[in-house]
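One structure is given below, encoded as structure tokens.
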Amino acid sequence: MVNIYDILKERILVLDGAMGTMIQQYKFSESDYRGNRFKDHPSDVQGNNDLLSLTQPDAIKSIHEQYLEVGADIIETNTFSSTSIGMSDYGMESIVYDLNFESAKIAKEAALKYSKITPNKPRFVAGSIGPTNRTASMSPDVNDPGYRAVTFDNLVIAYSEQVNALIDGGVDILLIETIFDTLNAKAALFAVDSILEQRKISVPVMISGTITDASGRTLSGQTVEAFVASLSHIELLSIGFNCALGADLLLPYMKRLSDITDFYTSAHPNAGLPNAFGEYDQSPEEMKELILEYLELKCVNIIGGCCGTTPQHIKLIAQEVNNFKPRNLS
């Protein structure tokens with residue numbers, strides 16, 4: 001088995017781009033989302049992108065392969081919201097195992113296909129573990145600051161179900177991403193740590209937070225330094241940031257993170273900031289120029305794209321990383 005730690009010593013790895021951006025291009029209808037299996041489901045499911053791993057698996061595999069074709073080393077499973085908490089919005093808590101298992105299986109098949117095509121460039125699957133739409137450390141009710149919409153234990157149960165299914169489906173990495181509340185992430189890490197110990201296996205873990213605005217803090221108020229300190233208690237493959245900001249605005253925080261951590265670092269910024277219609281206008285060429293500074297400053301070991309990024313964005317980034325040495329661990 002190829003060791004990703006060894007590869008990271010030699011070169012910068014490329015993560016894929018946005019899944020949602022690519023799914024939007026298909027313009028799937030409510031009927032397409034439902035497929036045959038869920039044609040009688042009592043509530044609307046259009047917009048539940050994770051469900052497409054069960055109802056439109058060929059489309060999901062095609063998206064993975066498009067990113068692999070242009071040079072992605074790591075692809076993320078289509079499981080960002082695949083917890084019982086995330087699926088409760090659609091009344092689909094009962095299919096969480098299937099969502100994660102099948103999504104991992106689809107991605108793994110695509111990764112193995114391209115690993116055979118480029119044996120000197122093995123491909124990896126990262127199980128995407130999103131933050132859920134609830135926060136454990138803040139109240140959603142301004143009139144009741146002590147109220148919590150979810151507990152730590154609730155999150156551990158939900159994440160445990162997701163993690164077990166992702167591992168069963170064959171992921172190579174577990175990626176806890178878009179962290180806006182570090183307490184949620186701690187619950188995910190607790191679940192991961194417990195499961196790996198129970199199963200007596202080792203799976204590399206990536207974590208990626210979100211700086212929400214120009215204050216340079218996460219939504220729950222942590223600075224870069226506090227974020228790193230809070231989550232460095234277990235062995236990680238990498239720590240980094242994604243989403244919320246474009247590459248230009250994210251760079252200063254990545255530089256700070258790179259200076260204070262002994263783990264590998266990752267970044268997958270958005271293609272700029274959304275316009276008035278919620279769309280991302282930054283071209284692949286524009287994003288590539290901004291990413292060049294990350295490479296020149298040697299502040300990343302893994303680089304990719306988040307909202308608004310396409311295979312064309314990743315293609316240009318993948319071409320550039322070959323010209324640069326990876327960031328050295330201190």
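Quick note: the coordinates plus some simple rules give every number you see, no bench work behind them. Since this is a predicted model, take the numbers as computed values, not measurements. Methodologically, a virtual Cβ is constructed for each residue, glycine included, from the backbone with ideal geometry; neighbour enumeration extends over all protein chains shown.
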* Have a look at L295, N36, I85 and report the one farthest towards the positive end of the charge dipole of the chain, computed about the Cα centre with Cβ charges (Lys/Arg +1, Asp/Glu -1). => L295
* Mind checking which aspartates and glutamates have their Cα closer than 18 Å to the Cα of K200? Skip sequence neighbours fewer than 8 apart in that chain. => E161, D168, D172, E235
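Under the √(5λ) rule applied to the eigenvalues of the Cα gyration tensor, what semi-axes describe the equivalent ellipsoid of segment 22-180? Give them in Å, descending.
Working: eigenvalues 165, 79, 35 Å².
Working from the Cα gyration tensor, I get semi-axes of 29, 20, 13 Å.
Counting pairs on different chains as well as pairs 8 or more places apart, how many Lys pairs in segment 16-124 have Cα atoms under 12 Å apart?
Numbers: K61/K105; K61/K108; K61/K113; K113/K121.
Going through segment 16-124 pair by pair, I get 4.
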* What whole number of Å gives the distance from the Cα centroid of segment 261-313 to the Cα centroid of segment 56-126? -> 21 Å
* From the P(r) of segment 1-99, can you give the percent of Cα pairs sitting at distances over 24 Å? => 32 percent
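Classify segment 215-330 as rounded, prolate or oblate, taking a ≥ b ≥ c as the square roots of the eigenvalues of its Cα gyration tensor: rounded when a/c is under 1.5, otherwise prolate if a/b is larger than b/c and oblate if not. Provide the component values of the computation, followed by the final result.
On the way: a/c = 2.22, a/b = 1.26, b/c = 1.76.
Taking the square roots of the gyration eigenvalues as a ≥ b ≥ c, segment 215-330 is oblate.
Please give the per residue volume of the convex hull enclosing the alpha carbon atoms of segment 178-271, rounded to a whole number of Å³.
Values: hull volume 7.9 nm³, N = 94.
Convex hull volume per residue, Cα atoms: 84 Å³.
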* Cβ-based charge dipole, the chain, positive-most Cα from S103, P140, S215 -> S103
* Charges only on Cβ, +1 for Lys and Arg, -1 for Asp and Glu: so what's the dipole of segment 155-210 about the Cα centre, in debye to the nearest 20? -> 120 debye
* Note down the Stokes-Einstein diffusion coefficient of segment 258-314 in µm²/s, whole number, using a Kirkwood radius over alpha carbon pairs, 37 °C, and 0.692 mPa s. => 270 µm²/s
* Asked: Which FRET efficiency, nearest 0.05, do D262 and I201 yield, Cβ-Cβ r, R0 35 Å?
  -> 0.90
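Just need the relative contact order of segment 130-247 here, percent rounded to a whole number, with Cα pairs under 8 Å and 6+ apart. Provide the component values of the computation, followed by the final result.
Working: 174 pairs, mean separation 29.9, N = 118.
Here the relative contact order equals 25 percent.
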* What size of dipole, in debye to the nearest 20, comes out for segment 4-321 about its Cα centre when the only charges are +1 on Lys and Arg C-beta atoms and -1 on Asp and Glu C-beta atoms? -> 580 debye
* Asked: Tell me, Kirkwood radius of the chain from alpha-carbon pair distances, in Å?
  -> 19.8 Å
